[in-house]
Number of protein chains: 2
Amino acid sequence: MELDALDKQLVALLQEDCKKTTKQYADALQLSKTAVYERIRRLERTGVITGYVALLNKSKIKRDFTVLCHIRLVQHTKENVLRFEREILKLEEVSECFHVGGDYDYILKINVEDMKSYREFMITKLTAINNIGNTQSSFVINEVKNSPSVHI
Amino acid sequence: MELDALDKQLVALLQEDCKKTTKQYADALQLSKTAVYERIRRLERTGVITGYVALLNKSKIKRDFTVLCHIRLVQHTKENVLRFEREILKLEEVSECFHVGGDYDYILKINVEDMKSYREFMITKLTAINNIGNTQSSFVINEVKNSPSVHI
DNA sequence: TTCAAAATTAGAACAATATTCTAATTTTAA
DNA sequence: TTAAAATTAGAATATTGTTCTAATTTTGAA
């Protein structure tokens, strides 16, 4: 699917705030609300927009201790890789997990309440997973930018 | 603000999908729609919920080349740190940027179209920033998990 | 370039949902 | 134990989403 300039503007607006009324987007794009309504439906139907979610203030829910954890596996067989990823998906503390090239195999973003609960998480959940070689935890001092949206 | 069990359930639902009707959340929580409506308003007013956004399929908009870039600064004076962060905030390719402790000073998540555009980004934008010592790019082979939501 | 088919759009009509209101119930704290 | 405050349910209303029809624009083949 090809996105024209209006689609891109619309998607940018929806990435900022998806709870405005159709009329508000219509005014911003100088279109009728039907036009905007149909464009949004098409973006959803074609899979450009995958969903709509609420964003939380992590400090208000006691999850503002963030760690970027680098992991090296011992063995890199297909089986081991798939099993590791399956285990990671079960861990609710892990909000992001990327298989990467370079010095380490995986980089994870972990959100917990504090250092104490991070230690608990490491001991009882993360390093309990088989085949983990070693880990390196980078503790977040400051979130300069943390947005789920991407430029379009 | 204290969140009771119903608030937590509600927030969990809103992090999955914020576009259901009040009645749908009400049914899930076994409450009236007014009760749910007021709870959501309170979560917004007290800053637990910071906003509502659309999520995109990055491959559909040609931004599915993801790199986690590690950066070391030359000098760590307050001025240099603040200037660096100010420059990073201007770069639309950077969706996340964390100041971390450990081997490197910053870890960035960068979303572009392909390797070619990543090279272009590095040369013309990133390393154009003053005071960057060295960088290490970890190219994402697979997104195991990538969610803006946090467990509650 | 021309023209017919397909897609998109505007505006009106309608349906569904959000929002407000009142009263009842529950919770809180003295 | 009890009065004040907060929360809730259900009804009434306002707003917005959705559908419909016709007009306009875009697209692609001749």
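Please name all residue pairs, on different chains or six or more residues apart, with Cβ atoms under 7 Å, provided the first residue is in segment B:6-29 and is within 11 Å of chain A (Cβ to nearest Cβ) and without any contact (Cβ under 8 Å) to a residue 60 or more places away in the chain and the second residue is within 10 Å of DNA strand C (Cβ to nearest atom) and among the basic types (K, R).
Correct list of pairs: empty, since none qualify.
Which members of segment A:13-30 meet the condition of being surrounded by 15 or more Cβ atoms within 10 Å (Cβ to Cβ), among the aliphatic types (A, V, I, L, M) and away from DNA strand D (no atom under 12 Å from the Cβ)?
A:L13, A:L29
So which of B:E44, B:E2, B:E96, B:E92 is within 30 Å of A:R45 (Cα to Cα) and part of a loop (DSSP other than H, G, I, E, B)?
The unique qualifying residue is B:E92.
When the residues of segment A:95-111 are filtered to those that are of a type in the set (D, E, K, R) and surrounded by fewer than 22 Cβ atoms within 10 Å (Cβ to Cβ), which remaining residue is farthest from A:L55 (Cα to Cα)?
It comes out as A:D103.
Is segment A:9-28 home to any residue that is more than 28 Å from B:A12 (Cβ to Cβ) and more than 15 Å from DNA strand C (Cβ to nearest atom)?
Within segment A:9-28 (the criterion being more than 28 Å from B:A12 (Cβ to Cβ) and more than 15 Å from DNA strand C (Cβ to nearest atom)), the answer is no, since none of the residues qualifies.
Which one of these is more than 10 Å from DNA strand C (Cβ to nearest atom), closer than 19 Å to B:K62 by Cα and within 11 Å of chain B (Cβ to nearest Cβ): A:L82, A:L56, A:L3?
Criteria check complete, one pass: A:L3.
What number of residues within segment A:87-103 are touching a Cys at 6+ places or on another chain (Cβ under 6 Å) and of a type in the set (S, T, N, Q)?
Residues flagged as touching a Cys at 6+ places or on another chain (Cβ under 6 Å) and of a type in the set (S, T, N, Q) within segment A:87-103 amount to 0.
Across segment B:104-127, which residue is nearest to A:V100 (Cα to Cα) among those that are modelled with pLDDT of 95 or more and either part of a loop (DSSP other than H, G, I, E, B) or not assigned by TED's automatic domain parsing to the domain that holds B:L68 (or both)?
So, considering only residues that are modelled with pLDDT of 95 or more and either part of a loop (DSSP other than H, G, I, E, B) or not assigned by TED's automatic domain parsing to the domain that holds B:L68 (or both), the one nearest to A:V100 (Cα to Cα) is B:D114.
Please go through (1) over 17 Å from the mean Cα position of the chain (by Cα); (2) within 13 Å of DNA strand D (Cβ to nearest atom) for B:Y52 and return the number of the only condition it doesn't satisfy.
Checking B:Y52 against (1) over 17 Å from the mean Cα position of the chain (by Cα); (2) within 13 Å of DNA strand D (Cβ to nearest atom), the one that fails is (1).
Here's a check for you: in segment B:122-139, which residue that is under 28 Å from B:L55 (Cβ atoms) and touching an Asp or Glu at 6+ places or on another chain (Cβ under 9 Å) is farthest from the other protein chains (Cβ to nearest Cβ)?
Applying the filter and picking the extreme gives B:L126.
Looking at segment A:56-86, which of its residues are out of contact with any strand residue (DSSP E or B) (no Cβ under 7 Å at 6 or more places or on another chain), under 30 Å from B:R45 (Cβ atoms) and in a loop (DSSP other than H, G, I, E, B)?
Those that are out of contact with any strand residue (DSSP E or B) (no Cβ under 7 Å at 6 or more places or on another chain), under 30 Å from B:R45 (Cβ atoms) and in a loop (DSSP other than H, G, I, E, B): A:K62, A:D64.
If you go through segment A:68-77 one residue at a time, do you hit one that is touching a Cys at 6+ places or on another chain (Cβ under 7 Å) and either away from DNA strand D (no atom under 16 Å from the Cβ) or of a type in the set (G, A, S) (or both)?
no
Which residue out of A:R63, A:R119, A:R41 is exposed (fewer than 14 other Cβ atoms within 10 Å of the Cβ) and either closer than 21 Å to B:Y52 by Cβ or in contact with a Ser or Thr (Cβ under 6 Å, 6 or more places away or on another chain) (or both)?
A:R41
The values are calculated or read from the model by the stated rules, or taken from the named source; none is laboratory data. All figures in this text were calculated on a predicted structure; none of them were measured in a lab. Positions of Cβ are generated from backbone atoms using ideal geometry, with glycine treated the same way; all protein chains shown enter the neighbour counts.
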